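A.B. asks: Please see the structure below; I have some questions.
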Amino acid sequence: MPRSERSPLLLAGLLASAAVAHFAVPRQFDATVPRALPGSPRAWTYASGVVELALAAGVAVPRTRRVAALATTAFFVGVFPANVQMAVDWRHRPAPQRAAALARLPLQVPLVLWARGVARSVARGGAAGRAAQG
(Lines give C-alpha, C1' and ligand atoms only; values in the text may rest on other atoms or scores of the structure.)
Protein backbone atom coordinates (compact mmCIF):
# COMPACT_ATOMS: atom_id res chain seq x y z
CA MET A 1 0.00 0.00 0.00
CA PRO A 2 1.54 3.34 -0.99
CA ARG A 3 2.27 5.52 1.98
CA SER A 4 2.40 8.79 0.13
CA GLU A 5 1.60 10.45 -3.16
CA ARG A 6 5.28 10.04 -3.98
CA SER A 7 5.14 6.27 -3.67
CA PRO A 8 4.54 5.65 -7.40
CA LEU A 9 7.47 7.89 -8.30
CA LEU A 10 9.69 6.16 -5.77
CA LEU A 11 8.70 2.80 -7.26
CA ALA A 12 9.43 4.15 -10.74
CA GLY A 13 12.82 5.36 -9.50
CA LEU A 14 13.64 1.95 -8.05
CA LEU A 15 12.70 0.25 -11.32
CA ALA A 16 14.71 2.75 -13.38
CA SER A 17 17.75 2.34 -11.13
CA ALA A 18 17.55 -1.43 -11.40
CA ALA A 19 17.21 -1.13 -15.19
CA VAL A 20 20.33 1.01 -15.45
CA ALA A 21 22.23 -1.46 -13.26
CA HIS A 22 21.32 -4.29 -15.66
CA PHE A 23 23.23 -2.45 -18.39
CA ALA A 24 26.01 -0.91 -16.27
CA VAL A 25 27.01 -4.10 -14.42
CA PRO A 26 25.33 -6.98 -16.27
CA ARG A 27 27.64 -9.70 -14.98
CA GLN A 28 26.09 -9.69 -11.49
CA PHE A 29 22.63 -10.16 -13.04
CA ASP A 30 23.82 -12.84 -15.48
CA ALA A 31 24.68 -15.00 -12.50
CA THR A 32 21.06 -14.94 -11.28
CA VAL A 33 19.47 -16.09 -14.54
CA PRO A 34 18.02 -19.58 -14.03
CA ARG A 35 19.93 -22.11 -16.10
CA ALA A 36 16.66 -23.63 -17.32
CA LEU A 37 15.92 -20.55 -19.44
CA PRO A 38 16.90 -20.84 -23.11
CA GLY A 39 19.49 -18.51 -24.62
CA SER A 40 22.31 -16.60 -23.02
CA PRO A 41 22.08 -15.15 -19.52
CA ARG A 42 23.24 -11.78 -20.90
CA ALA A 43 20.24 -11.63 -23.25
CA TRP A 44 17.92 -12.23 -20.28
CA THR A 45 19.79 -9.61 -18.25
CA TYR A 46 19.35 -7.00 -20.95
CA ALA A 47 15.74 -8.00 -21.61
CA SER A 48 14.84 -7.65 -17.95
CA GLY A 49 16.56 -4.26 -17.89
CA VAL A 50 14.43 -3.12 -20.83
CA VAL A 51 11.29 -4.41 -19.11
CA GLU A 52 12.18 -2.59 -15.88
CA LEU A 53 12.75 0.63 -17.79
CA ALA A 54 9.39 0.31 -19.53
CA LEU A 55 7.68 -0.45 -16.22
CA ALA A 56 9.37 2.57 -14.62
CA ALA A 57 8.09 4.83 -17.37
CA GLY A 58 4.59 3.36 -17.09
CA VAL A 59 4.44 3.75 -13.31
CA ALA A 60 5.75 7.32 -13.52
CA VAL A 61 3.00 8.44 -15.91
CA PRO A 62 -0.39 8.82 -14.17
CA ARG A 63 -2.36 7.74 -17.25
CA THR A 64 -0.58 4.36 -17.43
CA ARG A 65 0.20 3.95 -13.74
CA ARG A 66 -2.42 1.35 -12.79
CA VAL A 67 -1.68 -1.05 -15.66
CA ALA A 68 2.07 -0.58 -15.25
CA ALA A 69 1.86 -1.15 -11.49
CA LEU A 70 -0.09 -4.37 -12.08
CA ALA A 71 2.53 -5.44 -14.63
CA THR A 72 5.25 -4.54 -12.11
CA THR A 73 3.55 -6.75 -9.54
CA ALA A 74 3.62 -9.65 -12.00
CA PHE A 75 7.23 -8.87 -12.91
CA PHE A 76 8.34 -8.95 -9.27
CA VAL A 77 6.64 -12.33 -8.86
CA GLY A 78 8.19 -13.53 -12.12
CA VAL A 79 11.78 -12.70 -11.18
CA PHE A 80 11.53 -14.58 -7.90
CA PRO A 81 12.98 -17.75 -9.50
CA ALA A 82 16.15 -15.76 -10.30
CA ASN A 83 16.47 -14.91 -6.62
CA VAL A 84 16.00 -18.57 -5.71
CA GLN A 85 18.63 -19.55 -8.28
CA MET A 86 21.04 -17.05 -6.79
CA ALA A 87 20.48 -18.44 -3.29
CA VAL A 88 21.11 -21.99 -4.55
CA ASP A 89 24.20 -21.03 -6.56
CA TRP A 90 25.69 -19.00 -3.72
CA ARG A 91 25.15 -21.55 -0.94
CA HIS A 92 28.90 -22.33 -0.85
CA ARG A 93 30.12 -18.73 -1.03
CA PRO A 94 31.40 -16.79 1.98
CA ALA A 95 28.81 -16.06 4.67
CA PRO A 96 28.16 -12.40 3.73
CA GLN A 97 27.37 -13.33 0.12
CA ARG A 98 25.20 -16.27 1.19
CA ALA A 99 23.33 -13.97 3.57
CA ALA A 100 22.77 -11.39 0.84
CA ALA A 101 21.42 -14.03 -1.53
CA LEU A 102 19.08 -15.41 1.11
CA ALA A 103 17.93 -11.93 2.18
CA ARG A 104 16.70 -11.24 -1.35
CA LEU A 105 14.05 -13.96 -1.03
CA PRO A 106 11.81 -12.39 1.63
CA LEU A 107 12.53 -8.88 0.33
CA GLN A 108 10.60 -9.74 -2.82
CA VAL A 109 7.36 -9.76 -0.81
CA PRO A 110 7.36 -6.04 0.07
CA LEU A 111 8.16 -5.19 -3.55
CA VAL A 112 5.17 -7.19 -4.76
CA LEU A 113 2.93 -5.57 -2.14
CA TRP A 114 4.26 -2.09 -2.96
CA ALA A 115 3.52 -2.43 -6.67
CA ARG A 116 0.09 -3.89 -5.93
CA GLY A 117 -0.59 -1.04 -3.53
CA VAL A 118 0.28 1.53 -6.18
CA ALA A 119 -2.14 -0.15 -8.60
CA ARG A 120 -4.88 -0.24 -5.98
CA SER A 121 -4.38 3.38 -4.98
CA VAL A 122 -4.92 4.46 -8.59
CA ALA A 123 -8.03 2.27 -8.83
CA ARG A 124 -9.42 3.79 -5.61
CA GLY A 125 -8.39 7.31 -6.52
CA GLY A 126 -11.87 8.43 -7.45
CA ALA A 127 -12.09 11.98 -8.73
CA ALA A 128 -8.65 12.86 -7.36
CA GLY A 129 -7.13 9.83 -9.07
CA ARG A 130 -8.88 10.61 -12.35
CA ALA A 131 -7.69 14.23 -12.18
CA ALA A 132 -4.13 13.06 -11.58
CA GLN A 133 -4.40 10.73 -14.56
CA GLY A 134 -5.45 13.75 -16.61
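The values are calculated or read from the model by the stated rules, or taken from the named source; none is laboratory data. Computed from a predicted structure; not experimentally measured. As a convention, Cβ positions derive from the backbone with ideal geometry for all residues, glycine included, and neighbour counts pool all protein chains shown. Protein only, heavy atoms only, side chains kept; ligands, DNA and RNA dropped before computing areas. Shrake-Rupley method; radii C 1.70, N 1.55, O 1.52, S 1.80 Å.
A.B. asks: Does L107 satisfy being open to solvent by 70 Å² or more (accessible area, probe 1.4 Å), among the hydrophobic types (A, V, I, L, M, F, W, C) and either assigned to a helix (DSSP H, G or I) or modelled with pLDDT under 90 (or both)?
C.D. replies: yes
A.B. asks: Answer with yes or no whether E52 is exposed (fewer than 14 other Cβ atoms within 10 Å of the Cβ) and of a type in the set (D, E).
C.D. replies: It is false that E52 is exposed (fewer than 14 other Cβ atoms within 10 Å of the Cβ) and of a type in the set (D, E).
A.B. asks: Among the numbered conditions (1) surrounded by fewer than 18 Cβ atoms within 10 Å (Cβ to Cβ); (2) modelled with pLDDT under 95, tell me where S121 comes up short.
C.D. replies: Here S121 meets the rest and fails (1).
A.B. asks: Cβ-Cβ distance below 6 Å, separation of 6 or more or different chains: which pairs start in the stretch 87-101 with a residue that is touching a residue at least 12 places away in the same chain (Cβ under 8 Å) and end on one that is in a helix (DSSP H, G or I) and open to solvent by 60 Å² or more (accessible area, probe 1.4 Å)?
C.D. replies: These pairs meet every condition: A87/L102.
A.B. asks: Let me ask you something else. Within the group V61, V112, which residue is within 18 Å of P8 (Cβ to Cβ) and either touching a His at 6+ places or on another chain (Cβ under 7 Å) or surrounded by 14 or more Cβ atoms within 10 Å (Cβ to Cβ) (or both)?
C.D. replies: The conditions single out V112.
A.B. asks: Out of curiosity, is L70 touching a Ser or Thr at 6+ places or on another chain (Cβ under 9 Å), over 11 Å from L15 (Cα atoms) and open to solvent by 30 Å² or more (accessible area, probe 1.4 Å)?
C.D. replies: No.
A.B. asks: Turning to a different aspect of this structure: In the stretch 43-57, which residues are without any contact (Cβ under 8 Å) to a residue 24 or more places away in the chain and within 17 Å of A71 (Cβ to Cβ)?
C.D. replies: A47, A54
A.B. asks: Which residues, counting only those in the stretch 23-42, are touching a residue at least 12 places away in the same chain (Cβ under 8 Å), open to solvent by 70 Å² or more (accessible area, probe 1.4 Å) and in a helix (DSSP H, G or I)?
C.D. replies: F23, R42
A.B. asks: Can you find a residue that is among the basic types (K, R), at pLDDT 90 or above and on the phi < 0 side of the Ramachandran plot anywhere in the stretch 30-37?
C.D. replies: No: zero hits.
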